[in-house]
1. Just the residues that are among the hydroxyl-bearing types (Ser, Thr, Tyr) and modelled with pLDDT of 90 or more, please, taken from the range A:19-55.
2. Yes or no: B:Gln955 touching a residue at least 60 places away in the same chain (Cβ under 8 Å) and within 14 Å of chain A (Cβ to nearest Cβ)?
3. Going through B:Leu1014, B:Leu1047, B:Leu1030 one at a time, which residue ends up being assigned to a helix (DSSP H, G or I), touching a residue at least 12 places away in the same chain (Cβ under 8 Å) and open to solvent by 40 Å² or more (accessible area, probe 1.4 Å)?
4. Grab the strands (runs of 3 or more DSSP E) fully contained in the range A:11-109, keeping just those with 3 or more residues being within 10 Å of chain B (Cβ to nearest Cβ) and out of contact with any Gly (no Cβ under 6 Å at 6 or more places or on another chain).
5. Would you point out which residue out of B:Glu382, B:Glu416 is part of a helix (DSSP H, G or I), of a type in the set (Asp, Glu) and buried (at least 22 other Cβ atoms within 10 Å of the Cβ)?
6. Only residues that are of a type in the set (S, T, N, Q), within 8 Å of chain A (Cβ to nearest Cβ) and open to solvent by less than 30 Å² (accessible area, probe 1.4 Å): list them for the range B:1096-1124, please.
7. Residues of the range B:779-821 being closer than 16 Å to B:Val694 by Cβ, among the aliphatic types (A, V, I, L, M) and at pLDDT below 85, which ones?
8. What number of residues within the range B:659-689 are in contact with a helix residue (DSSP H, G or I) (Cβ under 7 Å, 6 or more places away or on another chain) and β-branched (Val, Ile, Thr)?
Amino acid sequence: MVKEEKEIANRPDNTAFTQQRLPAWQPMLSAGIVIPGFVLIGLAFIGIGVALFVTSRSITVLEIDYTGVEKDSPCYKCSDADVKNCVCNLVFSIDSLFEGPVFFYYGLSNYFQNYRKYAASKDDDQLSGDLDAFTAPSDSCSPYDYNSNDKPIVPCGAIANSMFNDTFKLYRVVNGAKKLVPLDGKGIAWWTDYNVKYRNPSVTPLKNAFNNTVKPIFWPKPAYQLDASDPANNGFINQDFLVWMRRAALPDFRKLYRRITEGDYAKGLPAGNYSLTIAYNYPVLSFDGTKKVVFSNVSWMGGKNEFLGIAYLVVGSLCVLMSIVMLIVYAKFKFPEED
Amino acid sequence: MDCVKKKEQELERKLRANDREYNLPFKYACLDVIRSLGVSQSLRVEVAAGESQSPQSALSVDAVKTNAIKTSKYNPFTFLPLNLFEQFQRIANAYFLFLLVLQVIPQISSLSWFTTVVPLVLVLTVTAAKDATDDINRHRSDNQVNNRKVKVLIDRKLRSEKWLDVQVGDIIKLENNQFVTADLMLLSSSEPLNLVYIETAELDGETNLKVRQALTVTGDLGEDIEKLADFDGEVRCEPPNNRLDRFTGTLTYAGQKYSLDNEKILLRGTTLRNTGWCFGLVLFGGPETKLMQNCGKSTFKRTSIDRLMNVLVLCIFGFLAFMCTILAIGNCFWELNEGSQFTVFLPRQDGNDAGFSAFLTFWSYVIILNTVVPISLYVSVEIIRLGNSFYIDWDRKMYYSRSDTPAEARTTTLNEELGQIKYVFSDKTGTLTQNIMTFNKCSINGKSYGDVYDYTGQRLEITEHTERVDFSFNALADPRFMFHDHSLVEAVKLENPEVHTFFRLLALCHTVMAEEKKEGELSYQAQSPDEGALVTAARNFGFVFRSRTPDSVSIVEMGQQRSYELLAILDFNNVRKRMSVIGADTIIYERLHRSCSKLMDVTTEQLNEFAGEGLRTLVLAYKDLDEGYFNEWKRRHHEASTLLDDRESKLDELYEEIEKDLLLLGASAIEDKLQDGVPQTIEQLSKADIKIWVLTGDKQETAENIGYSCNLLREEMNDVFIISANSPEDVRQELRDAQTSMKPGEDSVFLPEGTLGKGVKVMADEAVNGEYGLVINGHSLAYALERSMELEFLRTACMCKAVICCRVTPLQKAQVVELVKKYKGAVTLAIGDGANDVSMIKAAHIGVGISGQEGMQAVLSSDYSFAQFRFLQRLLLVHGRWSYLRMCKFLRYFFYKNFTFTFVHFWFAFFCGFSAQTVYDEWFITLYNLVYTALPVLGMSLFDQDVNDVWSFQQPQLYVPGQLNLYFSKKAFFKCALHSCYSSLVLFFIPYAAMHDTVRGDGKDVADYQSFALLTQTCLLFAVTIQLGLEMSYWTAVNTFFVLGSLVMYFVVTFTMYSNGMFFMSPSAFPFIGTARNSLNQPNIWLTILLTSILCVLPVVTYRFLFIQLCPTINDKMMFKVRQAKATPAPLPRRTRIRRTSSRRSGYAFSHAQGYGDLVTSGRFLRRPALSRSSGLTNAGRTTTGFSPMGRSAGYSPTGRLQNAKVPDVEVASLQMYRTITDPSL
């Protein structure tokens, strides 16, 4: 009242931020954006879907179950758990050239590599070559941390212990003669697994690092003798071991066994008869699991998977359909612009 | 613990002046006990030991009751344990602690400990930091108060001591303008009659000075230190309590007993004014003072969203248990069918059967699925509210430059409730009005003054720039007085006899007290601002009221000093509605002499005009009395006034007799100035469907008048019901009549009498034809608020557009608010400025204080405060609406993103043997809420606006959805959950199908668990981010930065976490090494991400688009309109004052509060030491009620209990009759 001169000590700052006047883009779900947007997305999806579908169709996959549940299966005799060192022969034929490079997978089903306790049953320190963890494996490996004599198990844990141990030999049968198809077991694991994540202790010879430890209970040979043919492919960086240790997300999975890339087979498997000799060791029948071998080639989008292409096609079509519905609704019911 | 008993047992306080040893053994407070109570019940007021003090003083403080106060909670040592203890009392924190315990059990732990610890520690730290800063501030203010100096009489000498060292029984000396140190018994003062003047603004909010008077026996001690030191009076009085307006006790001194009452007590919190010095005896110190006893019991308010959220969280817990149960059962079956056979590769521990496994699984899933109730929800909610509170503090459009007051959000937890207000309860004086009366116009002898015309005769609107009348001819003029019409000054200068008489009358006939501190600097103490305005007007026009004695009044008439003898004072009451010479026009008119009927007509016309502009009008008349007749009359008057029976009616008869055949002088028009923009604000708020009830202590006529001038009541209303009956039956009948006339068809639907309200939970709103108003007075309201009638009252009131309750006590204000809260289930807001509004401010969901004329009491107990009523519309329509919108958007989105996140686990459980395996990387789980999604949603909740503030004002209807709880309710929550369910299905099964049996482009593995986890979490993050983009309607640069930044952050963090370096640091903590590099370079991974993102969003876009087209909400329409309009509209034009052509007018210029009339005659108030001391004290016939807190704070007790339920209806003003001494010609 008296004070006409204005004291403005407490006056708030006049900034766009404090006055909530920040410039902003205010989008709205207007017909002009939504309907063309749907059409565009729909068309793009249909395009991608077609491409994916065509690509997926071009991939050849040959899957053969060898669990041996059926009596006429060549591996039936091996399915009995009491039979040791069983070998069975799987015969199949290819009608036309199986274009290469051909990848040779083994597949398991109803196998819960993603079961929490199974998944946790490993010791990352040990597998990265930490010698302290050799003598004292982590608790998480239990019950595969120590054997009955209290000796540490290396590699410890259920994952390592349950490593897949069927082996395969592929023969091409030409005029009754079996000709071994060379299988490439190198480079089937991730580069990071092979070079970073898993490391052998820097002890030479490798065998010495495993002193005072025992091999996993199910293993026929210790870790440093996994690959007799290649001394460098032993210990924790054995390719098959690496592939196995990268556990699957879902209970049905396949894992890369070998690549067929060499010699006459660089372009793929020629048409003809083949024979697969399987050293049948791995028990799956007790839990209703199945085993299979898969031959497949790949494309830019990876392995054969028709779902993605179909899904894209369906979603794309739905988009287009919805855009038509919206257009009709918009034309008929659009709300009055003035009240 | 026996301290507690002692404390409870303190039925009487006993102390002796100047005798610390005597007072010591009583142990007036037990420090430790109060302290422990303080902890457990979180009382805010505690006894202090003053941590900063030396150990000795702390000890002595422990032993004796001192004046130290402590509002702080912690000291450096107790902070950590106490604060943690408090924090873990919060259910959310305790829940996370429980989760943490679960996580360390190896059999159960499905997640690493850090997933819970990181967020929990973060939350605890932030809260602790906030509590610590608050407490440091409290320590600081405690120290400041405790270390104030005061003079204390110790060892026969006055010593300057700190406040905290003052003890009960000490005698202290206060000087002018000092704060009163403790609750004191006044001993003596520098002023005549041992009076002191105090300002009680801090205590009860009243700004006018109050007077306290010491006992004569102690007053005689004067400032004689020796005598004071020898004073050994013993006081027995009530124990400490919080009643500000009552005190009982006795003083025993020199063998005599004297009774003590509130008149002799100075309370802590008041300030000494206009008094040189005074001595007082400390009765209560520190926490026992009435001020402190009144603090800290403020109830903790929660918003309706809070309450809803609590319900929802409970539902979520139930749902969590349900999900976990399903999964546990699933686990049980899986164990029986599959798990028991899978033992070749995963042996079971001995004795673990399926049932036990299911039990463990249950708890494991409790851990994994805990993210449905994330701890960050609570933190984010607080941050959002805090941010939105800052916007209120920062708003320049709610800053009042004249008093340099910005708006203040005093509570930072109620913002969104501002967007849901349905009922506004407003005080009148000081809230709607400025509580400033200005003399605006007058009519003298039929000529109207006050308007300004230009040379063409057009009436001009008076603005700040209109030229003011120059009062420099009058040295005693009040410089603040403004008048624009020059013709009145001319008339005065021309010595127009009627004009002179007019102003002379104004200068003489009042109960104002004048104070002249310096020569020529007059200041008036008027009980009512109206009186002050009239006297000030007279002063400026050359009739300066200068001083008064009990029997004379001195004025300076056009520079000449004159003195008038005061002959008689006639009481004023409600029935008479007049002050004989100055009074209500309708009444005065009946008493005018026949000779002035012509003048009457002219004046009437002008009066109507004044009233039409909302001015408070008064008619002035005079009468020359025959001396003989007067003497005879005076004798009879004296007889009548000493009668014991029937005195009132006898006096009335006498007044009737003398108050007739008056000669009309003119009329004055006083403007009870409405605050700027009040009518517009009220109009805006009512457009927003907010109901406004005015609860005022004013009289019915005044309130009604203001109701009209502020646009609350309107002429075009179908009817305005006035409920003013004196018995419950009549009140009920009037209410029913009102209902019947509003809803003629349904007169049979009256609620049954008696025990109503048992089954009634929420009373629905009823539609009526037309607009109605309701005015109810205090008496009727008292009946209407009784249990048997409250529903009837509420129903009637809610059918009306506007409700005005007059003559309402503070307690009734709170009762009305409670009534609406209870039965309407609506959100209420109370706005007021005075101490009498505190109860309703505390009772309402939101309390708003106007920081204006009447002290700080209302502001201190309010949740929001600002300087002008008109800011309320901005607070509600802009800040409230935005806050509500943002909070709802936040909650909807937050629940969506967390449900989606969690449900994916649920679906995955069916594919991992119900083993409580997580879908995502543990680091992702830890950081999802804290890092990856925190800022975008915070950004949305801090910046989002559907339409800007200008449009919000333009379209107040936008406020309505908030009142109806449309944006976040159980239904909305359920929709969220369904939406999440859909999204989670997409997010799990699309990657599942896309990755099933697939491999990388080089034939290597990509369907492994780690790649799958990475894929799912990336899909999830994209989906929720895009969803956020859909929710957000206001993309500022900050928002865009937050959204894109968070996505970038996700990839940066992910690649870092999965990098070689991190792995080498700790192989077991970062097992996902290389996953990002190996899978994110695959086109099918990205195609999957694209597919899931689009698929999550498409149905939402479709649904919203169709919804907008088919049944658009008000918001959709508005947003569309705004986008179309592009440019913001011009702000609403300030409309000029609404001129009414109403015959309604009020004649009350006098405050209903008791005036100074008593004092004027008794002489108590006057500084005339010569007057006999005793006569002023023993006021025969009348008790000394002159300064009991009546008026604005009448009957108010902070305990919420009514102290004096019935304010006497008698208006004590006075009729004064003068006989001129020096100027017999009048």
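1. Residues of the range A:19-55 that are among the hydroxyl-bearing types (Ser, Thr, Tyr), as a first pass: A:30, A:55.
Listed by number, the list holds a single entry, A:Thr55.
2. Numbers: touching a residue at least 60 places away in the same chain (Cβ under 8 Å): yes; within 14 Å of chain A (Cβ to nearest Cβ): yes.
Yes.
3. Values: B:Leu1014 fails: open to solvent by 40 Å² or more (accessible area, probe 1.4 Å); B:Leu1047 fails: open to solvent by 40 Å² or more (accessible area, probe 1.4 Å).
After ruling out the rest, the residue left standing is B:Leu1030.
4. Numbers: elements: A:61-65, A:86-94, A:102-109.
Counting at least 3 such residues, we get A:102-109.
5. Details: B:Glu382 fails: buried (at least 22 other Cβ atoms within 10 Å of the Cβ).
None of the other options fit; the residue is B:Glu416.
6. From the range B:1096-1124, those of a type in the set (S, T, N, Q) are B:1102, B:1109, B:1113, B:1115, B:1124; that's our starting set.
Still in the running and within 8 Å of chain A (Cβ to nearest Cβ): B:1102, B:1109, B:1124.
Once the filter is applied, which keeps residues that are of a type in the set (S, T, N, Q), within 8 Å of chain A (Cβ to nearest Cβ) and open to solvent by less than 30 Å² (accessible area, probe 1.4 Å), the range B:1096-1124 yields B:Thr1102, B:Gln1109.
7. The answer is B:Val808, and nothing else.
8. So the count comes out to 2.
The values are calculated or read from the model by the stated rules, or taken from the named source; none is laboratory data. Quick caveat: nothing in here was measured; it's all calculated off a predicted structure. Every residue, glycine among them, receives a Cβ derived from its backbone with ideal geometry; neighbour counts consider all protein chains shown. These accessible areas exclude ligands, DNA and RNA; they are computed on the full protein's heavy atoms, side chains included. Shrake-Rupley method; radii C 1.70, N 1.55, O 1.52, S 1.80 Å.
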